[in-house]
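The values are calculated or read from the model by the stated rules, or taken from the named source; none is laboratory data. What you see is a predicted model; the values in this text were computed from it and never measured. Quick reminder, even Gly has a Cβ in these numbers, built from the backbone with ideal geometry, and neighbours come from all protein chains shown. Just so you know, the surface numbers come from the protein's heavy atoms only, side chains and all, with ligands and any DNA or RNA stripped out. Shrake-Rupley method; radii C 1.70, N 1.55, O 1.52, S 1.80 Å.
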Amino acid sequence: MTSSKPLGQRKATQEIVPSGLQTTATIDSGLTTPGSLESGSSSLCTQQQSDEPNWPREWRAYSCLFGCFLLMFNSWGLVNAYGTYASYYMQHLLPGRDILLLNLVGSTQSFIVLLLSFVVGRLLDAGFVKNIVGLGAFLVTLGMFLLSVVNGKGDYNQGNYALIWLVQGLVTGLGMACFFVSSSQVAATWFIKRKTIAIGIVASGASIAGLIYPVMTKFLIAKVGFNNAVRYVSTAVALTCVLSWWLATPNPRHPMNKVAGTKGWWRRSEIWVDSHAFRNPSFSWFVAAISIMFFGFYAIFFNLEEWAAAQGFGIKDNTPPGLDSVHLGSEVPKDAIRTFWLLSIMNACSTFGRVGTAWLGEHYGPLLVHALVTLFAALTTLLLWTLATTLPLGIAFVVLFGILSGGVIGAPPASVAWILTETSDCPHKAAKLGQWVGMMYSVSAVFALTGPVIAGHLISQFGSFVTVQCWSGACLLGAAGCMFVSWRKAEGLRRGLGRREEEGVRVVQGQRPDWSRVSTLVAEGVLEEEKEKERESDEESR
């Protein structure tokens with residue numbers, strides 16, 4: 001049935017486009033179809049994206065990129081550096097404590113960061129960037145400073161496990177949760193065509209922090225003691241947090257998915273959870289992959305130093321040396337290395353993996369590259385780590401896994417951005433990236449909490465690191481399998497959306513649509529609402 005309204009009055013609903021402008025399409029066929037309109041608006045959106053330069057020309061984009069780098073530096077970077085703290089706790093502050101309990105502090109940080117990601121992501125999409133980053137800066141600085149006052153004088157066996165868990169695990173974890181999703185999503189608002197590479201550069205902040213913080217902590221402990229060392233580190237954290245708050249400003253042209261202004265909006269589940277996401281099979285499989293990955297990934301970082309010491313080629317002193325006394329040729333025995341150097345080397349190498357994976361993702365697709373990198377990381381863990389009984393093999397594993405781990409842990413936001421852009425037909429998807437990334441990480445939070453604890457229990461129960469090696473390798477292998485399924489599902493969805501977009505372009509251009517194909521959309525319930533509105537409009541006009 002054709003509406004009796006004049007053609008000029010039948011306007012398409014507005015679609016928000018990434019550049020922040022709104023476009024209005026006029027339908028010439030007499031029937032307004034949401035599926036077709038989204039496809040037509042998507043074409044207009046694609047046209048406007050094609051006008052964007054490959055790299056932003058505004059200096060604010062690059063200052064924001066550096067600010068987001070610092071956000072990652074003080075969120076996941078501190079998680080990466082926790083292995084050094086755990087080693088010091090076991091040997092000095094908390095001697096004789098079960099490794100399971102020590103792993104619980106680091107896994108609590110990971111759990112809180114991931115659990116709150118969906119809340120942070122949704123608030124970022126709504127425009128509360130400065131509020132979120134400011135709160136995170138306060139909490140991270142507070143937690144790190146309090147760590148310097150809860151362990152007496154910081155001498156041997158004076159550690160307080162409950163307070164360490166409270167300030168380093170809980171308080172600092174809450175602050176890092178404000179930074180984690182913010183770092184990638186704020187940077188992505190500026191780099192429309194180079195989003196994957198921009199996120200890779202931001203993710204490298206975690207690797208650089210994983211190199212700097214362990215070395216800095218070990219050096220300062222030797223010079224000024226544990227408590228003063230932590231105070232110096234917390235000062236560095238505070239300064240970089242303030243700088244990131246000032247620099248990390250989103251693109252003002254980026255569309256915002258504002259929360260409803262009605263009273264009690266925060267109690268509505270649809271505000272926080274996008275129902276479109278988990279109806280997307282590619283996204284659902286990818287969430288499963290990330291959850292399985294977190295089950296075994298950080299067990300490697302948390303237990304690396306203890307593994308090297310158990311193998312006999314890792315040296316741990318009662319009084320950790322400063323940088324001036326760490327010299328492999330004369331300070332340590334032959335075929336041995338300070339254990340904290342292994343963690344620093346692994347974190348430094350992951351920088352190349354994060355940036356390299358981002359570059360490959362730009363050319364071959366982020367999700368496929370992510371799946372391949374995770375597969376290689378699983379094989380490296382199962383085949384090389386289990387056989388690394390000498391220093392050369394140990395360093396080979398640290399370097400190779402470090403490179404691969406950067407891609408494994410740094411690529412999820414880019415993969416979700418690709419899934420959302422290429423396979424989803426939900427409206428205003430440019431403004432939902434933070435929400436989708438946050439939901440993915442929140443689902444995996446429980447796995448990040450329990451995985452390192454399970455690994456610690458396996459080591460304590462069986463007295464061998466082979467158990468954690470097999471555990472981590474199997475988890476990474478399962479994650480790679482789920483990623484490949486997600487990629488295959490995504491390719492199928494892309495082909496389907498391509499056909500729908502082709503039909504939508506014909507409708508927007510005023511050509512006669514192929515109603516045999518549009519009827520498929522009607523059968524899915526996509527067009528029912530608009531057809532009902534047309535019928536009501538016709539009845540009123542009569």
Notebook entry, point to check: Points 7 angstrom from Cα along the Cβ direction at Val273 and Ala310: gap in nanometres?
Noted result: 3.9
Item checked: Residue-level accessible surface for Leu142, protein heavy atoms, 1.4 Å, Å² -> 60
Check: Roughly how many Å² is the accessible area per residue of the range 71-142, as a whole number, for a 1.4 Å probe?
Finding: 25
Next item on the list: Under 18 Å from a label point 7 Å along Cα→Cβ of Ala236: give me every residue in the range 340-357 with its amide N that close.
Entry: 340-351
Notebook entry, point to check: From the phi of every residue in the range 443-449, what ³J(HN,Hα) in whole Hz does the Karplus formula 6.51 cos²θ - 1.76 cosθ + 1.60 yield, where θ is phi - 60° and glycine or proline is x?
Noted result: 4, 7, 4, 4, 5, 5, 6
Notebook entry, point to check: By per-residue mean of other Cβ atoms within 10 Å, what is the highest-first order of 452-461, 292-301, 88-97?
Noted result: 292-301, 452-461, 88-97
Next item on the list: Add +1 for every Lys or Arg and -1 for every Asp or Glu among the other residues with Cβ under 10 Å from the Cβ of Ile201, and state the total.
Entry: +2
Margin query: Once ligands and nucleic acids are excluded and a 1.4 Å probe is used, how much of Cys470 is accessible, expressed in Å² to the nearest 10?
Written below: 60
Notebook entry, point to check: Taking Cα pairs under 8 Å and at least six residues apart, what relative contact order does the range 363-476 come out at, in percent?
Noted result: 39
Notebook entry, point to check: Which residues' amide hydrogens lie under 5 Å from the amide hydrogen of Gly314, considering only partners 5 or more residues apart or on another chain, with H built in the peptide plane?
Noted result: Ala309, Ile337
Note to self: Taking θ = phi - 60°, what integer Hz values does the Karplus form 6.51 cos²θ - 1.76 cosθ + 1.60 yield along the range 490-495, in sequence order, with x for Gly and Pro?
What the structure shows: 5, 5, x, 5, 4, 5
Check: Given R₀ = 60 Å, FRET efficiency for Gln461-Trp246 by Cβ-Cβ distance, to 0.05?
Finding: 0.80
Notebook entry, point to check: Taking the C-alpha atoms of the range 85-192, how large are the radius of gyration and the largest Cα-Cα span, Dmax, in Å?
Noted result: 16.2, 52
Notebook entry, point to check: Each residue of the range 220-225 in turn: what ³J(HN,Hα) in whole Hz from Karplus with 6.51, -1.76, 1.60 and θ = phi - 60°, glycine and Pro shown as x?
Noted result: 6, 4, 5, 8, 10, x
Next item on the list: Leaving ligands, DNA and RNA out of it, rank Phe286, Phe376, Phe462, Phe69 by accessible area with a 1.4 Å probe, largest first.
Entry: Phe462, Phe376, Phe69, Phe286
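When only the heavy atoms of the protein chains count and the probe is 1.4 Å, how do Met346, Met216 rank by accessible area, highest first?
Reading off the accessible areas and sorting them downward yields Met216, Met346.
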